[in-house]
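Let me begin by presenting the structure, written as structure tokens, before commenting on it.
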Amino acid sequence: MMKLGQIQIRNSGETIKGMNIISRTGGDGFTEKQLKELSAVKAFDKDGKSVERDSITFSEPDQIKRINEAKTAGETGNFPLTIKAPGGTEVTVQVYLRDQGTDSAKLDPDHGEAFLAANNGTHPTGGEAFTKEELLELCRAKAKDQSKNTVEPSIDPKQWEVLNEAKTAGRTGEFSLTFFYRGRDKSSGKDHADRRPQSEV
């Protein structure tokens, strides 16, 4: 399972924690406010009292510039983002930009939506069928549930079967592969797929 983020505690007792961010690349960049909300950053002073989010800053503004340059240019990758509490305690989270999925810059991060994103991938044909782990790695698929906890995406079983039939037979081509997160709606008890980014493999 992917690391959610880190918690840093200094000798002074100050604490800061944050969570990794997942987004489709392209479109508008992130504002500082969005990055704070999407990372769910929280800081506490030595007495355990919550620190106002406006007092939390970014240690390296060039990181935000690099993230936004990559996002607006449609680049993919993993980008560090260091966030600092008023007393100097820092936490570094990752911003995962992917080819397909949810554009987190367009969502209300407090609305309780799931976030999914994945890259397109290329792999030689032939040989053994893809395992789930291999496809998640090949497409760099990432997901968070409505509470911003990291979860493992699922793969559309029919598309997975078609892809593996072609691969084991040595055929080539482009194949759609849909990743999704199936959560449980606490109010209705029904299962639902929240987001379904597609990747070409």
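The values are calculated or read from the model by the stated rules, or taken from the named source; none is laboratory data. Note that this is a predicted model, so its numbers are computed, not measured. Note that we place each Cβ from the backbone using ideal geometry, even for glycine, and neighbour counts take in every protein chain shown. Calculation scope for accessible area: heavy atoms of the full protein, side chains included, ligands and nucleic acids excluded. Shrake-Rupley method; radii C 1.70, N 1.55, O 1.52, S 1.80 Å.
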Inset, instruction - Take region 40-72 and flag every residue that is under 30 Å from residue 13 (Cα atoms) and out of contact with any strand residue (DSSP E or B) (no Cβ under 7 Å at 6 or more places or on another chain). - result: 40, 45, 46, 47, 48, 49, 52, 53, 54, 55, 61, 62
Inset, instruction - For residue 156, indicate whether it is open to solvent by 10 Å² or more (accessible area, probe 1.4 Å) and under 17 Å from the mean Cα position of the chain (by Cα). - result: no
Legend entry - Residues that are open to solvent by 20 Å² or more (accessible area, probe 1.4 Å) and either of a type in the set (S, T, N, Q) or part of a helix (DSSP H, G or I) (or both), drawn from region 131-145: 131, 132, 133, 134, 136, 137, 138
Legend entry - Criterion: of a type outside the set (A, V, I, L, M), surrounded by 18 or more Cβ atoms within 10 Å (Cβ to Cβ) and either outside any helix (DSSP H, G or I) or out of contact with any strand residue (DSSP E or B) (no Cβ under 7 Å at 6 or more places or on another chain) (or both) - qualifying residue of 128, 37: 37
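Quickly run through region 11-30 and pick out the residues that are open to solvent by 70 Å² or more (accessible area, probe 1.4 Å) and either in contact with a Lys or Arg (Cβ under 9 Å, 6 or more places away or on another chain) or at pLDDT 95 or above (or both).
So in region 11-30, the residues open to solvent by 70 Å² or more (accessible area, probe 1.4 Å) come out as 11, 17, 24, 28.
Result: 17, 24, 28.
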Inset, instruction - Could you tell me whether region 114-124 includes any residue that is surrounded by fewer than 18 Cβ atoms within 10 Å (Cβ to Cβ), over 22 Å from residue 33 (Cβ atoms) and within 13 Å of the chain's Cα centre (by Cα)? - result: no
Legend entry - Sole exception among (1) touching a residue at least 60 places away in the same chain (Cβ under 8 Å); (2) over 18 Å from residue 149 (Cα atoms); (3) part of a helix (DSSP H, G or I) for residue 120, by number: (3)
